[in-house]
Amino acid sequence: MTSPTTDFTVIGAGIVGLATAYALTRAEPAATVTVIEKERAPARHQTGRNSGVIHSGIYYRPGSLKAEYALAGSAETPKFAAEHGVPHEITGKLIVATTAAELPRLHALVQRGREHGLAVSELGPAQIAAYEPEVAGLAAIHVGSTGICDFGALTAALAVLVTRAGGTIRYGERVTAIEQTAEAEVVVRTVGSQGPARPASTAAPGEPAAAPHRTRVLINCAGLHCDSVARLAGTDPGMRILPFRGEFYELVPERRGLVRGLVYPVPDPDFPFLGVHLTRDVHGGVHLGPNAVPALAREGYRRRDIRLRDLAGTAAFPGTWRIARRHWRHEAGEIRRSLSKRAFTADARRLLPALRPSDLVPAPAGVRAQAVLPDGTLVDDFLFGGSGPFVHVLNAPSPAATAALPIGREVARRALAARAG
């Protein structure tokens, strides 16, 4: 038995998928919208495992989608959170230079922040101490519009709004096949999710098949599996998702007073990750991290998580080895900090000299879905693709949570155009 044809179907109930569904229900209230999610609840992967920071947009190149959507999202997210009772706070943050070599890059960030119209102030050591008494640095900038948010709770709020508007969320269904019919509709076949997640193209013995789902437009917001879903739809996305595990520590409760708010290092332009930072969350905890190390499974949240199919695909992709040649020195440092708590502590002491290894306990890790091109280039901006009845979100790393509401509107716009075309 096949279910009635819906106007729009979204694969993935992370924050981008549900923001897209929400935008569709607002743009066209009469449209039928379905979300398919393999987990039993929303926000189980990148959305629910990030640092919880509302980013200001200061890091992102003017004219980039990251800059455009982060600037819009940093203004819109707190308003949405306040309206729907989602825990959040505008805290501001410090970006701190700890060496003379970092000072020119810090000054460049000041100029970029001003280009974006952000409230940015330059600080000396005494002013740093006024904000963060335990933080050491030669100079810093304070970015007033940065904040913190419970993005898992925000995603749950989006799920409620989608269902109230008449949308349907089908949890516990994993996509196994996608077919385009002669009637220009899309048929999505799924199975019930039982036990550990498996690759999108395989079913486990005994997993029940759900009724085929028909839709006019299919929207791929599958995050860590977005390239696999694109291939199921017959699209060569021209990239591959490589998973990087972000490992965090948190301060033991009696030492949380070491950090009042958000403290970031000056980013290294030669490395695509921001480095170890200090983040107080909306529930009072303080996280340090992340390390960024290659994960051996798309959902490899622990070192022992290995999925041979994922590992073989990563190893067979030429971009993997080109990245390794380009960034091996940086990555060796990340792996060293991953394996040694003392090495991690020593690195974090550049910002927080009073930190001791005994102050730290492991916190849950996340996995970043990083799109990589065959030549080894890490895609540095949001990336969309698809034609006909398909819209694919192929790269949505940080600041995707901050920018989810404007991203959702953009994806919805593409989906509406796909249905009209």
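The values are calculated or read from the model by the stated rules, or taken from the named source; none is laboratory data. Being a predicted model, the structure only gives us computed values, none of them experimental. Note that we place each Cβ from the backbone using ideal geometry, even for glycine, and neighbour counts take in every protein chain shown.
Kindly indicate whether ARG245 is part of a strand (DSSP E or B), touching a residue at least 40 places away in the same chain (Cβ under 8 Å) and either more than 29 Å from TRP328 (Cβ to Cβ) or of a type in the set (Ser, Thr, Tyr) (or both). No; evaluated as a whole, the condition is false for this residue.
Each row is one residue, and each column tells you yes or no for (1) part of a helix (DSSP H, G or I); (2) crowded, with 23+ Cβ neighbours inside 10 Å; (3) on the phi > 0 side of the Ramachandran plot.
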| residue | (1), (2), (3) |
| --- | --- |
| ALA30 | no, no, no |
| PRO42 | no, yes, no |
| SER51 | no, no, no |
| TYR60 | no, no, no |
| GLY63 | no, no, yes |
| TYR69 | yes, yes, no |
| GLY73 | yes, yes, no |
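For region 70-81, the set of residues classified as in contact (Cβ under 8 Å) with a residue 60 or more places away in the chain, of a type outside the set (Asp, Glu) and out of contact with any Ser or Thr (no Cβ under 8 Å at 6 or more places or on another chain) consists of ALA72, PRO78, PHE80, ALA81, listed by residue number. Tally the residues that are under 24 Å from ALA348 (Cβ atoms), under 24 Å from the mean Cα position of the chain (by Cα) and among the charged types (D, E, K, R), restricting the search to region 80-134. The qualifying residues number 2. I need the full set of residues from region 85-109 which are out of contact with any Gly (no Cβ under 9 Å at 6 or more places or on another chain) and surrounded by fewer than 18 Cβ atoms within 10 Å (Cβ to Cβ), in order please. Matches in region 85-109: GLY85, PRO87, THR99, ALA100, ALA101, LEU103, PRO104, ARG105, HIS107, ALA108.
Take the conditions (1) free of Cβ contacts under 8 Å to residues at least 12 places away in the same chain; (2) part of a strand (DSSP E or B); (3) not aliphatic (A, V, I, L, M); ARG329 misses just one of them, which is (2). Might you let me know whether region 157-165 holds any residue that is in contact with a strand residue (DSSP E or B) (Cβ under 7 Å, 6 or more places away or on another chain), of a type in the set (Lys, Arg) and closer than 20 Å to ARG40 by Cα? No; the residues of region 157-165 include none that is in contact with a strand residue (DSSP E or B) (Cβ under 7 Å, 6 or more places away or on another chain), of a type in the set (Lys, Arg) and closer than 20 Å to ARG40 by Cα. From the list LEU378, LEU360, exactly one residue is within 30 Å of ALA19 (Cα to Cα) and surrounded by 20 or more Cβ atoms within 10 Å (Cβ to Cβ). Which is it? Just one listed residue meets the conditions, LEU378. If you go through region 379-411 and pick out every residue that is within 29 Å of GLU183 (Cα to Cα) and either at pLDDT below 95 or over 19 Å from the mean Cα position of the chain (by Cα) (or both), you end up with 5. Kindly establish whether ARG337 is buried (at least 17 other Cβ atoms within 10 Å of the Cβ), modelled with pLDDT under 95 and of a type outside the set (Val, Ile, Thr). Yes. ALA354 meets each of the listed conditions (1) hydrophobic (A, V, I, L, M, F, W, C); (2) within 27 Å of THR402 (Cβ to Cβ); (3) surrounded by fewer than 16 Cβ atoms within 10 Å (Cβ to Cβ) apart from (2). Summed over region 279-298, the residues that are in contact with a Leu (Cβ under 8 Å, 6 or more places away or on another chain) and farther than 21 Å from LEU339 by Cβ give a count of 5.
Return the only residue of ALA119, ALA126 being modelled with pLDDT under 95, out of contact with any Pro (no Cβ under 8 Å at 6 or more places or on another chain) and either of a type in the set (Gly, Ala, Ser) or surrounded by fewer than 13 Cβ atoms within 10 Å (Cβ to Cβ) (or both). After ruling out the rest, the residue left standing is ALA119. Here LEU394 fits the description: surrounded by 16 or more Cβ atoms within 10 Å (Cβ to Cβ) and either within 30 Å of ARG419 (Cβ to Cβ) or of a type in the set (Gly, Ala, Ser) (or both). Within region 301-309, not a single residue is touching a helix residue (DSSP H, G or I) at 6+ places or on another chain (Cβ under 8 Å), surrounded by fewer than 22 Cβ atoms within 10 Å (Cβ to Cβ) and either in a strand (DSSP E or B) or among the acidic types (Asp, Glu) (or both). Does region 93-115 contain any residue that is part of a loop (DSSP other than H, G, I, E, B), within 28 Å of ALA404 (Cβ to Cβ) and not basic (Lys, Arg)? Looking through region 93-115, none of the residues is part of a loop (DSSP other than H, G, I, E, B), within 28 Å of ALA404 (Cβ to Cβ) and not basic (Lys, Arg). Test VAL35 against the stated conditions and say whether it is in a strand (DSSP E or B) and at negative phi. For VAL35, the condition - in a strand (DSSP E or B) and at negative phi - is met.
Filtered by the rule that a residue be in a loop (DSSP other than H, G, I, E, B), in contact with a helix residue (DSSP H, G or I) (Cβ under 8 Å, 6 or more places away or on another chain) and either under 24 Å from LEU109 (Cβ atoms) or not small (Gly, Ala, Ser) (or both), region 274-300 gives VAL276, LEU296, ARG298, GLU299.
Any idea which of (1) within 19 Å of GLY12 (Cα to Cα); (2) touching a Pro at 6+ places or on another chain (Cβ under 7 Å) is the one HIS277 doesn't satisfy? Of (1) within 19 Å of GLY12 (Cα to Cα); (2) touching a Pro at 6+ places or on another chain (Cβ under 7 Å), only one is false for HIS277: (1).
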